[in-house]
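The values are calculated or read from the model by the stated rules, or taken from the named source; none is laboratory data. A quick note: this is a predicted structure, and the numbers were derived from the prediction, not measured. Quick reminder, even Gly has a Cβ in these numbers, built from the backbone with ideal geometry, and neighbours come from all protein chains shown. Just the protein is used for accessible areas: all its heavy atoms, side chains included, with ligands, DNA and RNA removed. Shrake-Rupley method; radii C 1.70, N 1.55, O 1.52, S 1.80 Å.
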Amino acid sequence: MNERQVMEYMEQVSAYGIVPGLDSIRELCRELGDPQKELRFVHIAGTNGKGSVSAFLAEILKCAGYRVGRYLSPTLFQYRERIQVNGSCITKAALGRGVERIKGICDGMVARGLSHPTPFEIETALGFLYFREKACDVVVLETGMGGLLDATNIVENTLAAVLTSVSMDHMQFLGDTPEKIAFQKAGIIKRGCRVVSAVQRKEVMEVIRAGAEAMGCPLQAVKPEMLSHVRYGLEKQSFDYGGLKKLELSLAGKYQIENAALAVETVEALGEQGLSVSEEALRLGLSRTQWPGRFTLIGKKPYFIVDGAHNEDAAVRLAESLEFYFTNKRVIYIMGVLKDKEYEKIIASTHALADQIITVTPPGNSRALPAYELARAVAEVHCDVTAADSLEEAVEMSRLLAGKEDVIVAFGSLSFLGRLMKIAGYGKVS
């Protein structure tokens, strides 16, 4: 298969949607020779912060000299980003070869009366296959949704189970309370691993603690009292964490300090598992980490910020960062969301900071909320909102509205932000 044929095939199998459960992925991986059994993992679950924490960890471990696989979703610029080794995307040849092999197995499963694997299951199996082929020392593995029944959860050799901030999202699949969602996320905990958690609300931490105890695993968490001398900035930030002084980040956003602290705690836990990382590699990895689409500054005069705030908790964090970095600045939003998200809560958490709001329809996504419907919801709480016909129109409109000292903030579903960044002139080397 070439890349075009791969994308056509993945479009066809998208009809199988989201099906929580491990039976199909187990059978698929068994047919592939269970490549995941030959790999070691840092498994990451949570509602917000998974991508940032995995980006920090992958870069730190790479700087420590390890060959690091990284599996993530969604992607910003191209499909192949979801499977990476030491920061390089899976090659087109390996993508085509792997998907062609997997397609044959899927067809055989259907012929035997089994369910056809979902797109995420296919991608997960492909990742395991590629990481084994590349002889990765460790794989930083993000769950797609939840944890317990997520396709990634067939892994056994988990060095560390990492829980980022847990809040309300995907309630139709994961449950309607923080405790139920935390139970699903904590399902990634395996016997013999270390459990590392972000700062959580009390009821969430109790669920995580119970999950760790049930598996006999040590639990450690980010300690807010160890965070000090935080220096915020749009292009550089730094902080002290316990005995580690002036750790520097290239990522903006107030919440990235907490994500970086979680990465530091995870590195300590991995050291207990035999995966040693020097302080020099830790520092270098934190400072080198890039993660576009997470409070990313893509332009100045006017400032242009892009952020993947796609649920209530992320929207609250975005609003906190905007208030902190851009006090008394005039702010213009470009918003685009998916219809299965609690977009009314996203609006409620962010609208007060905007002078003008432009809504867009995330293109090429069947779950996209039309711009005019989002505008209608925004209009209930904000007097100046316009629905744009395209991302190009939204970017052009925002730049016409913004003065040199103003701020444009594009946020919502990650599914459109990569394309919007290209339209806005942001360059990225893949």
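Overview of values
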| quantity | calculated |
| --- | --- |
| Positions within region 198-210 being within 23 Å of the chain's Cα centre (by Cα) and in a helix (DSSP H, G or I), in sequence order | V204, M205, V207, I208 |
| Among residues of region 154-179, those that are at pLDDT 90 or above, of a type outside the set (A, V, I, L, M) and more than 14 Å from K50 (Cβ to Cβ), counted | 3 |
| So S228, is it among the polar types (S, T, N, Q) and assigned to a loop (DSSP other than H, G, I, E, B) | no |
| Any hit, region 214-236, residues being among the aromatic types (F, W, Y), open to solvent by 10 Å² or more (accessible area, probe 1.4 Å) and over 18 Å from S165 (Cβ atoms) | yes |
| Cβ-Cβ under 7 Å pairs, at least 6 apart or on other chains, region 134-156 side basic (K, R), far side surrounded by fewer than 20 Cβ atoms within 10 Å (Cβ to Cβ) | K134/R67 |
| Every residue from region 69-79 that is modelled with pLDDT of 85 or more and closer than 26 Å to V306 by Cβ | R70, Y71, L72, Q78, Y79 |
| Per-region count, region 348-381, residues assigned to a helix (DSSP H, G or I) and open to solvent by less than 10 Å² (accessible area, probe 1.4 Å) | 4 |
| Selection from region 81-102 of residues that are assigned to a strand (DSSP E or B), open to solvent by 10 Å² or more (accessible area, probe 1.4 Å) and in contact (Cβ under 8 Å) with a residue 12 or more places away in the chain | Q84, V85, C89 |
| Qualifying residue in region 265-286 (condition: open to solvent by 60 Å² or more (accessible area, probe 1.4 Å) and hydrophobic (A, V, I, L, M, F, W, C)) | yes |
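Residues are listed down the side, and each one gets a yes or a no for (1) touching a Lys or Arg at 6+ places or on another chain (Cβ under 8 Å); (2) open to solvent by less than 30 Å² (accessible area, probe 1.4 Å); (3) at pLDDT below 95:
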residue: M1; (1), (2), (3): yes, no, yes
residue: K37; (1), (2), (3): no, no, no
residue: L57; (1), (2), (3): no, yes, no
residue: R67; (1), (2), (3): yes, no, no
